[in-house]
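We did not get these values from a lab; they are worked out from the coordinates using the rules stated. For clarity, every value in this text was computed on a predicted model and none was experimentally measured. All Cβ positions, even for glycine, are placed from backbone atoms using ideal geometry, and neighbour counts span all protein chains on display.
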């Protein structure tokens, strides 16, 4: 019985609650237990408390909705940033691969041009070594004629 009395609202608490919400209750002594004579005041207190509970539930619901929207927005931003970062990394790797491929091609072209120059030089040296000096003049005139004929054909 004492536990039930401890859990119940005291007359002072009831009066403070009603006064806080603009309700004026009948005068009663704060020491006497709340009984049937205070039933109307108790009903008003229950209505006020239920309204407060509804308001708190609405506030809580709004808070959860706001928090949910913020989390969704944060996730969208994170996803967008992650996609951008992946895209940048992908572009960066493609550019690096292209640059390395271009460098390899340049090295191969340089190597092949060096080889062709060496082959041409070696052919010229062998041609010069095998032919006498007087035939050079003839070969130069033949080269000029070929060059002139080639240019004429090219521009026709």
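If R0 is taken as 30 Å, the Cβ-Cβ distance between residue 120 and residue 155 corresponds to a FRET efficiency of 0.70. Extension gain, residue 104-residue 63: 0.36 nm per intervening residue step, less the Cα-Cα distance, totals 8.7 nm.
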